[in-house]
Amino acid sequence: LSTKRLATGTLIFATALLFLSATSEPTSTTVNLLANDSDNNGAIMATGTRMQMTEYANSGQRLYSLRVAEWTQYRGTENTHIELLQPEMRLFDDSDTTPWQVSAQRGSATKLGNQPRLTLSDQVQLRQTTPSADSVYLRSDRLSVDAANESATARGNVILNVGSLRTTAPVMILHKNSTLEFRREDNLRVLSTLLLPEQQATEPLGARDV
């Protein structure tokens, strides 16, 4: 077991973080490189703390920047697998769009062939704030980022809040151009609710044909 502490710089593992640019924060980053056991698939290869990672889309634009409190890398025969603890992410983090601020308790970064995939889970929360519009808040059980399609898919108890409008759905796809795509799944409905101010909620509502 060997341990290295770095104040700045870039960490590159020959068989590990090939699809992630990993850099340390101003504070020191701890990396534990474990013994190389090529015959033990699924064994822990390395662990670390306070790591930053960046993923770029095929267009060359930055798709997201990620910061994690702790990470653990596992050996795989055909894929790279890294478990993340307390990830915080800026999604669609480039100059063309307003980024989403994302947080979760856990996550995993994998690469199968040339296809990287980031999945966050456990108390996933997203927030997009712009000066000229209502802030957008989203919660879900899981969030998967698709680098090839420049999109993110939220699944399980998806709740979207925009001003007084709340929408719930089993699946929601967030595209880079800020288009939100809701999908039904397993006979679960997409439901939107308009939350009226308290003084208006007590007044009778008139009905009319549309």
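Restricting to segment 102-118, what's the tally of residues that are crowded, with 19+ Cβ neighbours inside 10 Å and either under 15 Å from Phe92 (Cβ atoms) or β-branched (Val, Ile, Thr) (or both)?
Residues that pass the stated criteria total 2.
Working only within segment 73-101, note down all residues that are open to solvent by less than 30 Å² (accessible area, probe 1.4 Å), within 26 Å of Ala43 (Cα to Cα) and modelled with pLDDT of 85 or more.
Gln73, Ile82, Leu84, Pro87
Given the conditions (1) more than 22 Å from Ser144 (Cα to Cα); (2) aliphatic (A, V, I, L, M); (3) modelled with pLDDT of 85 or more, and given that Ile12 satisfies all but one, which numbered condition is not satisfied?
With (1) more than 22 Å from Ser144 (Cα to Cα); (2) aliphatic (A, V, I, L, M); (3) modelled with pLDDT of 85 or more applied to Ile12, the lone miss is (3).
For the subset of segment 152-180 comprising residues that are closer than 17 Å to Tyr64 by Cβ and hydroxyl-bearing (Ser, Thr, Tyr), which member is least open to solvent (accessible area, probe 1.4 Å)?
Initially, segment 152-180 is screened for residues closer than 17 Å to Tyr64 by Cβ, giving 152-154, 173-178.
Right, trim to hydroxyl-bearing (Ser, Thr, Tyr) and you get 153, 178.
Numbers: Thr153: 29, Ser178: 60 Å².
Residue satisfying both the conditions and the ranking: Thr153.
Only one of Ala69, Ala46, Ala57 is within 18 Å of the chain's Cα centre (by Cα), modelled with pLDDT of 85 or more and of a type in the set (Gly, Ala, Ser); which?
Step by step, each of Ala69, Ala46, Ala57 is checked, and only Ala69 is within 18 Å of the chain's Cα centre (by Cα), modelled with pLDDT of 85 or more and of a type in the set (Gly, Ala, Ser).
Val136 is checked against (1) surrounded by 17 or more Cβ atoms within 10 Å (Cβ to Cβ); (2) among the hydrophobic types (A, V, I, L, M, F, W, C); (3) modelled with pLDDT of 85 or more; (4) under 15 Å from the mean Cα position of the chain (by Cα) and fails just one. What number does that condition carry?
It fails just one condition, (4).
For segment 84-172, please list each of the strands (runs of 3 or more DSSP E) lying entirely inside it that holds at least 1 residues being among the basic types (Lys, Arg).
Values: elements: 88-91, 100-103, 106-112, 115-128, 136-146, 151-162.
Filter on segment 84-172 gives 88-91, 106-112, 115-128, 136-146, 151-162.
The values are calculated or read from the model by the stated rules, or taken from the named source; none is laboratory data. Keep in mind that what you see is a predicted model, and the values were worked out from it rather than measured. Here the Cβ is made from the backbone with ideal geometry for all residues, glycine too, and neighbour counts use every protein chain on show. Please note that ligands, DNA and RNA were not included when accessible areas were found on the heavy atoms of the full protein model with its side chains. Shrake-Rupley method; radii C 1.70, N 1.55, O 1.52, S 1.80 Å.
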